[in-house]
1. Of 268, 339, 84, which is farthest along the charge dipole of the chain in the positive direction, counting Lys and Arg as +1 and Asp and Glu as -1 at C-beta?
2. With an 8 Å Cα cut-off and a minimum separation of 6 or more residues, compute the relative contact order for the range 2-171 in percent.
3. In terms of modelled amide H atoms, which long-range or inter-chain residues lie less than 5 Å from the amide H of residue 96?
4. In debye, nearest 20, what is the charge dipole magnitude of the range 2-171 about its Cα centre with +1 on Lys and Arg Cβ and -1 on Asp and Glu Cβ, if you could check?
5. If the convex hull of the alpha-carbon atoms of the chain is projected onto planes in all directions, what is the mean projected area in square nanometres?
6. With charges set only on the Cβ (+1 for Lys and Arg, -1 for Asp and Glu), what does the dipole of the chain come to about its Cα centre, in debye to the nearest 20?
7. Contact order normalised by length for the chain, with contacts defined as Cα pairs under 8 Å and 6 or more residues apart; what percent is it?
8. Mind sorting 80, 61 by how few other Cβ atoms lie within 10 Å of their own Cβ, fewest first?
Amino acid sequence: MKSALIWLVMLICSLTLTIALFFSNYLDFQRQEQQLKQQVLALADIIAINAQSTLVSNNRHREETRLKALTAIPTIKNVHIYQFDQTNQQLKFFASYNRPDIGPWPPQTERVQSLSEQPLSLSSADQLELGRQIEVNGQLLGYVYLRASSDQLQQSQQNQNLITIVIALLALGLALLLALKLQRRFTLPLHVLLGLVNKVAKERDYCVRAPTANLDELNQLSRAFNTMMDRIEGQLRKREQAELEIKQLNQSLEQKIAERTNALRESNQELLNTLATLHQYQNQIVETEKMASLGQMVAGIAHEVNTPIGLGVTASTLLQDKVQEIEQAFQQKTLTSSQLARFLNDSKENLGIIYR
């Protein structure tokens, strides 16, 4: 993510800077080219004006001496002065100037007239060629042919390109430094928040909170994270409280079951004691059966006693079975409220039978 962000910023800066510098260099080149053209046109006009007197006086030496002054202008390569012969209506070579480091240039008698009628432009050889008529009072005296170099323009453009590249590299370097600095400023709160999220995921510590950030957008993200943590923590507290209540309820239920079980055991013991007593009474009654006078009474008593005792024994046996079932369910922790309620109801019914 970091590299993608930096490369995106650098790509945008590079494209913007390239387009801006390209148009700047293009416009500057056009301006310098126009200045060169204007300078060459002005020189051609000056040369044509100065050549009027020499063509009229036919003073070739004076014209060549005057043209030597062009050595101070390195842009000019060659200058030809052509004289128009009124007799045969043809041009003939009159005077010339050649830059010292450049040899003579072939005569351009066939092209000079057409060049004077064409707009000035750079040729494929990066040079300027133009022609100018030399007139006095509307009379054609000849032509000026001027050949200029655009080397200075090209050199200036190369220097400008070099400066542009240096500026672009410096600007991109500065953009990279700013991008790294801004990236640390913008992504540091995100890394902090990401670390908190990982901590919550690993340690399940929902008490952590995100710190306040310098940016409003990151602040909103931190507040949303803190709100989520508050809600999660609240839900966990409710869950713990519910689990505690369930645990307390289970403990209370276990205590009640234990108390009821002890009560049932005591009731069973009382029933057993009662049965033992009844057996003693029964033995005594059997012993007294010998008494003939009490035979009918003993028989009636035995009949009346055996019936409730049998019911009591049956009820106590059923109650003992129910106690074992409920005790087994309690030990296996499968005891339900419906089983306990059914057990209590059956116990009441059995006790009612026994007490009758």
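Only the coordinates and a few stated rules stand behind these numbers; no lab work does. Keep in mind that this is a model prediction, so the values were computed, not measured. Ideal geometry is used to build each Cβ from the backbone, glycine not excepted, and the neighbour counts take in all protein chains shown.
1. So the residue furthest toward the plus end is 84.
2. Answer for the range 2-171 is 24 percent.
3. 81
4. Numbers: 13 positive and 13 negative charges, 53 e Å.
So the magnitude is around 260 debye.
5. Numbers: hull surface 150.7 nm².
Taking the Cα atoms of the chain, their convex hull projects to 37.7 nm² on average.
6. 1260 debye
7. It rounds to 12 percent for the chain.
8. In order of increasing Cβ crowding within 10 Å: 61, 80.
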